[in-house]
1. Would you kindly derive the ³J(HN,Hα) couplings of region 267-278 from the backbone phi angles with the Karplus curve 6.51 cos²θ - 1.76 cosθ + 1.60 (θ = phi - 60°), listing them in order in whole Hz, with x for Gly and Pro?
2. What full-extension length gain, to one decimal in nm, is calculated for residue 215 and residue 173 as 0.36 nm per residue of separation minus the Cα-Cα distance?
3. With a 10 Å radius around each residue's Cβ, average the other Cβ atoms per peptide and rank 183-196, 63-76, 231-244, highest first.
4. Could you tell me the relative contact order of region 134-281? Use alpha-carbon pairs under 8 Å, at least six residues apart, and round to a whole percent.
5. Note down the nm distance, to one decimal, between modelled labels 7 Å out along Cα→Cβ at residue 69 and at residue 55.
6. Between residue 138 and residue 226, what is the label-point separation in nm under the 7 Å Cα-to-beta-carbon projection?
7. Give a residue-ordered list of calculated ³J(HN,Hα) values for region 90-98 (Karplus: 6.51 cos²θ - 1.76 cosθ + 1.60, θ = phi - 60°; whole Hz; x for Gly, Pro).
8. Under 5 Å between amide H atoms, partner at least 5 residues away or on a different chain: which partners does residue 170 have, H built in plane at 1.01 Å?
Amino acid sequence: MSFLPTHIHRPEPKQQNNKRYTFPLSIQPFTGNFVKQKNKNTMTTLQIISAFFVISGFVCAGIIALHIRKHPQPMRIMEAVWPLTGLWASWLALWAYYAFGKASARSDSSMNMNDMPGMDRSEMNRNHINNKTIRPHWQQTTLSTLHCGAGCSLADITGEWFTFFIPLYIGGSLLAGQWVLDYILALIIGIFFQYAAIQSMEHLPILQGIRKAFKVDFLSLTAWQTGMYGCMALFIFGFNSGFLPPKTSWEFWFIMQLAMCAGFLTSYPVNKLLIKAGIKHGM
């Protein structure tokens, strides 16, 4: 008779977590390949770069907003455009604002409402737009493009946080749902921005103003979103195996900043053509 147990209970091995990690990531020097972060307590190269530019965006937007508060723009909608531009263009936006953006501020252009009681803001705007010698053509095109992009930027920020709390799927794809929502919001907000600019120069009936805003902004807005989506798709499918970093990470918003830059590059030539054709005013 054996006193040894005939059956030995062995605990079942723990199931391994097969979750695919997409972030946090680090960058291998000079290769561009993304690899898993080994030490979760340290920031990777990508995280440091991302954090720097995202924080810089807030800093630049704040500096611009403070300056605008003391030196308002003759076209009121530009008081929202410049800080929004600062969020994604960071130091480039700050340079552009002080190089040729703030030149249109009332205090800098001697167009102070208190000094001109007989002139309202719309008259100031018409005088500003009609004076084509104020800025070179490339600066007018840049401002028109930034004006268009500000609506897209606000729409994308709003849409991304909306789908963070309320996921939206189209055809089973969360990414498609996000992009469709972002585009719809960009149309709505972008057309509102353009409508505000038109109404500051021309007192049109509401429906006529909306139709004109749609005609002016549809192509440039679509070009902006196309460039942005192309940049995002390149990162998602070209570098990160079909994944995006979490929306609560530095990396996600840094990628969004890069995508906005791509949107500017694709929208600039469209705005240039629209201005040349007389469909859109240079700003």
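1. 8, 4, x, 5, 5, 4, 5, 5, 5, 4, 7, x
2. 12.0 nm is the gain from fully extending residue 215 to residue 173.
3. 183-196, 63-76, 231-244
4. Relative contact order here is 28 percent.
5. Result for the modelled spin labels: 2.2 nm.
6. So the two model labels end up 2.4 nm from each other.
7. Calculated HN-Hα couplings, in order: 6, 5, 5, 5, 5, 5, 4, 5, 6 Hz.
8. 176, 177
Read the figures in this text as sums done on the coordinates, not as results from a lab. None of these values were measured; they are calculated from a predicted model. Heads up, the Cβs are rebuilt from the backbone with ideal geometry, glycines too, and the neighbour counts pull from every protein chain shown.
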